[in-house]
Structures are given as structure tokens and as C-alpha cells.
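The block underneath contains the structure these notes are about, expressed in C-alpha cells.
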Amino acid sequence: MSKVFASMGMSLDGFVAGPNGGPDNALGDGGFRIHQWVFDLESWRERQSREGGATNADDEIVKENFARAGAYVMGRRMFDEGEAGWPDPPPFQAPVFVLTHNPREPWVRQGGTTFTFVTDGVESAVEQARAAAGDKDVQISGGADVVRQALDAGLVDEVEVHVAPILLGRGVRLFDGVDPERCAFEPERVVGSPGVTHLRYRVVR
């Protein structure tokens, strides 16, 4: 059976974005440092329509996530921050369901990516993503608020955090406000490299 998994970059002090984020400041002040490890990987560069790049344990993790995801769910803030910067085709190459309060017509891009805007809650967004993904998994890409909503609704099977060895000091924390009575976590995998530590947990309801 297909799974729903959240995959997020995180600083060592627990932030997934810096302060003052917005369309003109994607990931907030200093937030891009969280993802520095990914930018020169072959798998990431390929999704940006670029050649070359490193092939290592980090690259295998990114390849695995791209391969397993048949559809994505994200929040409107993440979409707004990425809309101007994503190439065409965008890196997803699969349907993306954007959780929002503001209706908008679907945005069709090249490479199999259509952004569909969902206004009736996270359960509906995940349900539509599951239908679109078929036998593949659904990735919740962020932001933190969407991951928290999905966790509290009991919709998430796995959480993967990619911990960069940096301190942001302030910003957006992933688990602030998650009801600890609604879920617990069991470690499944740890993969380390000089630039990041990949942690995967199974969600226990």
C-alpha cells in the first residue's frame, strides 16, 4: 500500500525556515543554508535541467525520494515562494496539490507537473494526491504548517528530516504545536555525510 511521507530540511537547532520568509525571500533569512548540501547533487541538478553533479550517499537519498513520490502536497506559502524560481519543467515532474484558502485555476507546467489548488482542507489534498499517485507514495513537501496539519490529522506514515549542521537561531520550527498525544515516532534509518544527516521515522498513531 502506498504511503504518505513528509520530507523536510532542518537546521541543527530545529528550524525548517528562517524568519521573514516570503515570495521575495524564499525560506526566510538564512534558510537556504539548510539545503546547501543538495544543490550540487546530480539528482537535484538533473531536476533543474542541469548537467553534472556529485553522486554519493546524499544523492541516493534524493533519487529515492524523487522515485517514490507519485504526487506532492504543499502549502500556499511554499508555492508562492517557489513559483517565481522553479524552472519549467519544475523539479516535481508529478501532480502537486497546493493547500490554500484562495481558489485558483490549475497551473499546468511541462514534465507532468500540474499545480492543483485545494481549498477544502488537508484531508482532501492528501486524498486527491493519493488518487493521482497510483501505486507510488505521496510526499508532503512543506511548509511546516501543512506537515503539522497532516500529522495531527493522522495522515502521515513517515517523517524524514535532513539535518544540516548549522544553527539559525530563529525562524520556523517543524514540530511546534503538534499534539504529542496524536502521534509518536520510531527510528527507521540514519544516513550521515559531512554536509547533512538524514533521519527517517515511522509515525506511530
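Read the figures in this text as sums done on the coordinates, not as results from a lab. These numbers were taken from a predicted model, which means no experiment stands behind them. Neighbour counts run over all protein chains shown; Cβ positions are idealised from the backbone, glycine included.
See the values below:
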| item | result |
| --- | --- |
| Net charge, Y201 excluded, C-beta distance under 12 Å - Lys, Arg +1, Asp, Glu -1 | -2 |
| Value at 222 nm in deg cm²/dmol, rounded to 500, when DSSP H runs of n ≥ 4 in the chain each add -39,500 (n - 2.57) | -6500 deg cm²/dmol |
| Charge dipole (debye, nearest 20) of the chain; +1 at Cβ of Lys and Arg, -1 at Cβ of Asp and Glu | 40 |
| Estimated distance in nm for a label pair at V191 and A54, the labels positioned 7 Å out from Cα along Cα-to-Cβ | 1.4 |
| Hz values of 3J(HN,Hα) by residue in the range 174-186 - Karplus curve (6.51, -1.76, 1.60), Gly and Pro given as x | 6, 9, 4, x, 5, 6, x, 7, 8, 7, 9, 10, 10 |
| Taking all pairs of distinct alpha-carbon atoms in the range 95-205, Kirkwood radius in angstrom | 15.8 |
| Antiparallel bridge percentage (DSSP; both residues within the range 1-143; nearest 5) | 15 |
| Principal axes of the range 4-204: Cα extent on each, largest first, Å | 45, 42, 36 |
| Phi-based couplings in Hz for the range 190-195 (Karplus 6.51, -1.76, 1.60; Gly and Pro marked x) | 10, 10, x, 8, x, x |
| ³J(HN,Hα) computed for each position of the range 38-47 - Karplus, 6.51 cos²θ - 1.76 cosθ + 1.60, integer Hz, glycine/proline x | 8, 5, 9, 7, 4, 5, 6, 4, 4, 6 |
| Neighbour-count order for I61, I140, I166, I34, fewest beta carbons within 10 angstrom listed first | I166, I61, I34, I140 |
